[in-house]
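Taking it in order: structure first as structure tokens, then the write-up.
The values are calculated or read from the model by the stated rules, or taken from the named source; none is laboratory data. As the structure is a computational prediction, the values presented were derived from the model and not from experiment. Virtual Cβ from ideal backbone geometry, glycine too; neighbours counted across all protein chains shown.
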């Protein structure tokens with residue numbers, strides 16, 4: 001299934017029930033589109049993910065001309081990992097690492113917390129399966145090495161939020177994956193407390209920088225990260241191309 005222009009995605013394919021691939025290129029013109037289309041036909045791709053730079057107007061026009069669906073703005077933010085001690089506790093909650101006992105409560109939070117993502121924006125992807133995908137992501141992060149650490153906020157002995165953390169030791173960068181907080185716990189500064197905890201852990205692991213990816217339409221998330229000292233690194237646009245339109 002390996003192909004120079006298209007990477008077949010077996011997990012996405014199995015989960016959503018459509019053959020899904022991702023373009024290995026980020027710029028598009030007529031010639032490269034024809035090559036991309038032929039590659040998708042060769043490996044029988046139903047849906048192709050394409051990530052374009054937001055400033056590449058020529059590629060964006062080409063994507064639109066060939067029927068790619070715009071589904072998301074991918075905003076990457078970053079900051080220097082702080083050198084000074086970072087508070088690890090919060091008067092409103094206990095901030096700690098996850099355990100298997102957190103999974104039921106956290107999975108329920110994950111199910112309803114990511115409806116602004118590109119998977120929900122694509123009319124040909126099932127919303128129920130999109131919700132389940134984030135539950136699986138969270139479950140694997142807690143119970144396996146899918147994440148290097150999961151930070152949890154606990155209030156009154158109940159798990160109410162989480163941040164998944166990943167280490168890139170080659171680039172000395174700590175990456176924040178999923179961030180979610182139960183509706184009942186919002187407005188108390190707990191998301192910031194969890195991120196402060198993640199930053200402190202990144203520092204302890206020798207990371208120099210931290211980054212996080214969110215949706216351009218998720219203004220609340222962007223404000224959260226900005227309050228935590230993150231600034232925008234890049235803006236990209238996600239497009240999906242359906243070669244077989246499904247109901």
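Among the numbered conditions (1) crowded, with 23+ Cβ neighbours inside 10 Å; (2) within 15 Å of the chain's Cα centre (by Cα); (3) under 27 Å from residue 131 (Cβ atoms), tell me where residue 210 comes up short.
(3)
Would you call residue 44 in contact with a helix residue (DSSP H, G or I) (Cβ under 9 Å, 6 or more places away or on another chain) and over 27 Å from residue 214 (Cβ atoms)?
When the stated conditions are applied, residue 44 does not pass them.
For segment 5-27, enumerate the residues that are more than 25 Å from residue 60 (Cα to Cα) and either in contact (Cβ under 8 Å) with a residue 12 or more places away in the chain or more than 17 Å from the chain's Cα centre (by Cα) (or both).
Once the filter is applied, which keeps residues that are more than 25 Å from residue 60 (Cα to Cα) and either in contact (Cβ under 8 Å) with a residue 12 or more places away in the chain or more than 17 Å from the chain's Cα centre (by Cα) (or both), segment 5-27 yields 10, 13, 14, 15, 16, 17.
Mind checking which pairs have a first residue in segment 141-162 that is touching a residue at least 60 places away in the same chain (Cβ under 8 Å) and a second that is surrounded by fewer than 16 Cβ atoms within 10 Å (Cβ to Cβ) and in a strand (DSSP E or B), Cβ under 6 Å, 6 or more apart or different chains?
Hits for this filter: 154/94.
In the set 197, 240, 166, which member is outside any loop (DSSP other than H, G, I, E, B), surrounded by 15 or more Cβ atoms within 10 Å (Cβ to Cβ) and free of Cβ contacts under 8 Å to residues at least 24 places away in the same chain?
Just one listed residue meets the conditions, 166.
Answer yes or no as to whether residue 182 is under 19 Å from the mean Cα position of the chain (by Cα), modelled with pLDDT under 95 and not assigned by TED's automatic domain parsing to the domain that holds residue 46.
Here the answer is no, as residue 182 does not meet what is asked.
Does residue 73 count as part of a strand (DSSP E or B) and at pLDDT below 95?
In short, no.
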